[in-house]
Amino acid sequence: MTAPRSRIAMRAVIGVAAAAGLLAVLVLWQPSGLYPWFKALHVIAVIAWMAGMLYLPRLFVYHCAAAPGSAQSETFKVMERRLLRAIINPAMVVTWAVGLWLAWEGGWFGSGWFHAKFVLVLALSAVHGVLSAHVRAFAEDRNHRSQTFYRVLNEVPTLLMIGIVILVVVKPF
Ligand code: HEM
């Protein structure tokens, strides 16, 4: 079962609106003294987002080996859809909203490390979009990529994560 393009666009709009709404609540509420608590929430959301972003391409590797229409293939479709909708998408919304609030509250928007991190996070979000497109392709039995492609794709979020964590923890510039 696949969603039409209008529903997919609607979900993207809802995701952006949810992040913007959460961010607006944090900015208006001005929860002073809660910076470390929101940083903890940010890291928890990051862990959930990354866990999904690292597991989803792994599922694609195994899914490639299952014949379209087989029971195994249908099971992978359910696993991929649930992982994307129940974990990866909401975790990304919370990571973005709380991360932007931390940047605003902490006065980090002028820092070099933050600019570099922002570029890598945008790249990570683009990979998120690419993985979502592959979930749709598998759901419609029109995947034409190989296991090797997904093995390589699996490494991209890992490399971006390493760069992002070094930038935010070491703050080298
Ligand atoms: C989505 C957009 C994101 C924004 C706007 C953002 C922004 C921020 C900001 C401003 C901080 C606080 C820095 C400090 O107080 O020293 C922070 C902390 C952190 N972020 Fe992000 N972040 C984002 C995504 C990510 C991602 C994708 C990762 C990991 C893959 C990540 C990992 C971390 C970690 C580990 C910390 C804690 C650093 C520390 O306490 O030393 N962030 N983030």
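Pick out the one residue from VAL61, VAL94 that is out of contact with any Phe, Trp or Tyr (no Cβ under 7 Å at 6 or more places or on another chain), in a helix (DSSP H, G or I) and of a type outside the set (S, T, N, Q).
None of the other options fit; the residue is VAL94.
Quick check on segment 131-173: of everything there that is part of a loop (DSSP other than H, G, I, E, B) and of a type in the set (D, E, K, R), which residue is surrounded by the fewest Cβ atoms within 10 Å (Cβ to Cβ)?
Only one residue fits best here, namely ARG142.
List the number of the failed condition for VAL119; all other conditions in (1) within 18 Å of VAL168 (Cα to Cα); (2) in contact with a helix residue (DSSP H, G or I) (Cβ under 6 Å, 6 or more places away or on another chain) hold.
So VAL119 meets the others, but not (2).
If you go through segment 84-96 one residue at a time, do you hit one that is more than 16 Å from the ligand (Cβ to nearest atom), loosely packed, with under 14 Cβ neighbours inside 10 Å and within 16 Å of GLY15 (Cα to Cα)?
Yes, that holds for at least one residue.
Could you run through segment 128-162 and say how many residues are in contact with a Leu (Cβ under 7 Å, 6 or more places away or on another chain) and closer than 19 Å to LEU100 by Cβ?
Adding up the residues that qualify gives 1.
Under the condition of being buried (at least 16 other Cβ atoms within 10 Å of the Cβ) and within 13 Å of the chain's Cα centre (by Cα), which residue from segment 100-122 is farthest from the ligand (Cβ to nearest atom)?
LEU120
Can you name every residue in segment 127-169 that is free of Cβ contacts under 8 Å to residues at least 12 places away in the same chain and either touching a Gly at 6+ places or on another chain (Cβ under 8 Å) or within 14 Å of the ligand (Cβ to nearest atom) (or both)?
GLY129, LEU159, ILE162, VAL165, ILE166, VAL169 - these are the residues of segment 127-169 that are free of Cβ contacts under 8 Å to residues at least 12 places away in the same chain and either touching a Gly at 6+ places or on another chain (Cβ under 8 Å) or within 14 Å of the ligand (Cβ to nearest atom) (or both).
Give the residue that is farthest from TRP96 (Cα to Cα), with candidates limited to residues of segment 5-41 that are touching a residue at least 12 places away in the same chain (Cβ under 8 Å) and under 13 Å from the mean Cα position of the chain (by Cα).
In this case the residue turns out to be GLY15.
Every number here is computed from the coordinates shown, using simple stated rules; none is lab data. Please read all numbers here as calculations on a predicted model, not as lab measurements. Note: ideal-geometry Cβ built from the backbone for every residue, glycine included; neighbour counts use all protein chains shown.
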